[in-house]
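Rule-based calculations on the coordinates, nothing more; no lab input. Predicted model, so just to flag it, every value in this text is computed and none were measured. Ideal geometry is used to build each Cβ from the backbone, glycine not excepted, and the neighbour counts take in all protein chains shown.
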Amino acid sequence: MPSYTVTVSTGSQWFAGTDDYIYITLVGTERCSERTLLDKPLYNDFERGAVDSYNVKVAEELGDIVLVKIEKKKYWVHDDWYCRYITVKTPSGDYVEFPCFRWLVDDKEVVLREGKAHLPQDDKSSQEWQPGFPMSIDANRHSELPRDIQFDSEKGVDFVLNYKYVMQHWKEDFMFGYQFLNGCNPVVIRKCTKLPDKFPVTHEMVSVSLERDLTLEQEIQAGNVYIVDYEVLDGITPNSTDPCTLQYVEAPMCLLYKTAKNKIMPIAIQLGQTPGEDNPIFLPTDGQYDWLLAKIWVRSADFQHHQTITHLLKTHLMTEVFAVAMYRQLPAVHPVYKLLIPHIRFTIAINTKAREQLICECGIFDKANATGGGGHVQLVQRAVKTLTFRSLCFPDAIKARGVDKKEDLPTYFYRDDGYLVWEATMGFVSDVVNIYYKSDEAVQGDEEIQAFIKDVCSFEFPKSLKTRTELIEYLTVVVFTASAQHAAVNFGQLYLGMYPDEHFIEKPVKVAMEKFRKQLAEITSSIKRRNEGKRLPYYNMSPDKIPNSVAV
């Protein structure tokens, strides 16, 4: 009687094991096995971290094994189980892998397809949390999410900050300017090619701050002047949830000057968008505390912009849009699903937590933020209107702000490190895409990937993809946004290039993954060498500090 050896791997995270009954059915191209209970006498099956093997006997061989059906039935009380993978050894000695990497809850059955990635031609619902917001998962609480996209129980967070140096120098102009390059919001600084009429800074105002014997206009033409403008905050309703605490939101502008030693220094600040006697321009030559207070107002505006637009909208919410579309349109065996899942698995969980505790009514934003009480919602709604696919393409976003040349800003490490990680990520994505898509026609004919793209096509995003080059760029945006970009504006847990759940089983992809890891290791070494001896080392884009996904 033919016998198939079934090997089952249980997850190693907390509470992954189960005492429930586990049944398996093997589905072949010719016939199916009987429903078989996986059980060893006098043995505790499916313990946390265990790899157990069982024999499934059949009357006749089943042909090629294409599906495995797993069923979990209650023993005493429901006991959730995390299955990593199942391997089937056939009577002829061949091994067939079935990646699972998901939780089985209640009396649930899961049908697994053979792990080799397939294109469809080869062979969950969303809601709008607030009007004008990107689409999100239709769940109000973390506990309502499917178990396999909730957080692991032992998930933790590491913080790495240069506390002492920043605390000693935070009042100084060079530190204020440095943060626009390599702080937590390095995406607002842009080259000033012409002073806006609403910011009437004159040469006489700032001449004492200029170092090259040039007029302000000449410095602008020479490319030595930069600007940050928080116009998006203009008119945002301040937080009024506590009538005893008055809060304010301004929309300042700050002119920045590159010194002969390549330091970025503030030379003029205006707190509102409309010039006038009641909206003066503050200068470094003003009183010490007047100037310091003006800089604090800019930092406050930068905080609102960073938390709500740079961090929440452009990493968390946009990554969730990709995640929901992936779960809705791509089966688990699709190569793009396998490529993306490590980077977006926990995004829905953290975003649901945010909507439940952070940005909800009476949440932390309402209690501790000047744009709480509805202003943060207004801010996202405004920013969404100008959000485009190109604004998420790292090289395009850098160039659009006129800060792409290293010789102009030699200490813009966010840009330099970001370029390296972007290229490495695109190289890895390209390797994977080219393994499965042998032509542009294969991309056009993939109904599932086209449905995925169409599901995301708000905000001036592509409605379809016609070439492998377009697909590679699109997927690079997803991976980069969820990993490197989020790291640059937040901090890390699971580092880029680490894939603890191996969804791909094909050797060419594993070779590509190893190549990717080596490239990231080289980038890490390069960044470490550059940072040696620096009082303010920049590690936010170092691959060994980049989280694999948006999870904080």
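Table for the structure above
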{"quantity": "Potential extension, D234-R529 segment - 0.36 nm per residue separation minus Cα distance", "calculated": "102.0 nm"}
{"quantity": "[x] 190; [y] 171; [z] 202, with the label sought being that of the calculated volume of the Cα convex hull per residue in Å³", "calculated": "[y]"}
{"quantity": "Residues whose placed amide H lies under 5 Å from that of Y85, excluding near-sequence neighbours", "calculated": "S9, C100, F101"}
{"quantity": "Mean Cβ neighbour count within 10 Å, used as a protection proxy, ranking 280-293, 445-458 highest first", "calculated": "445-458, 280-293"}
{"quantity": "Ranking of W81, W422 by count of other Cβ atoms within 10 Å, fewest first", "calculated": "W422, W81"}
{"quantity": "Cβ-based exposure ranking for C184, C254, in which fewest neighbours within 10 Å come first", "calculated": "C184, C254"}
{"quantity": "Helix-only CD estimate at 222 nm, as mean residue ellipticity for the chain, using -39500 (n - 2.57) per DSSP H run (n ≥ 4)", "calculated": "-9500 deg cm²/dmol"}
{"quantity": "Restraint check, K353/K385; K261/K405; K69/K338; K314/K528; K261/K545; K191/K263, Cα-Cα greater than 22 Å", "calculated": "K353/K385; K314/K528; K261/K545"}
{"quantity": "In Hz, Karplus ³J(HN,Hα) per residue of the stretch 237-246 (6.51, -1.76, 1.60; θ = phi - 60°; x = Gly, Pro)", "calculated": "5, x, 5, 10, 5, 10, x, 8, 10, 7"}
{"quantity": "Table column - 3J(HN,Hα) (Hz), the stretch 226-231, Karplus curve with 6.51, -1.76, 1.60, x for Gly and Pro", "calculated": "10, 9, 10, 9, 9, 4"}
{"quantity": "Cα-based reach from K258 at 16 Å (exclusive), listing aspartates and glutamates while leaving out same-chain residues under 8 positions away", "calculated": "E172, D173, E211, D213, E217, E219, D404, E407, D408"}
{"quantity": "Among 378-389, 222-233, the order from most to least packed when residues are scored by Cβ within 10 Å on average", "calculated": "222-233, 378-389"}
{"quantity": "Shape call, the stretch 187-300: gyration tensor on alpha carbons, a/c limit 1.5", "calculated": "prolate"}
{"quantity": "Residue order, fewest to most surrounding Cβ atoms within 10 angstrom, among E361, E423, E407", "calculated": "E407, E361, E423"}
{"quantity": "Relative packing of 92-101, 474-483, which averages over residues the other C-beta atoms within 10 Å, highest first", "calculated": "474-483, 92-101"}
{"quantity": "Cα-based shape type of the stretch 425-468, given that a ≥ b ≥ c are square roots of the gyration tensor eigenvalues and the cut on a/c is 1.5", "calculated": "oblate"}
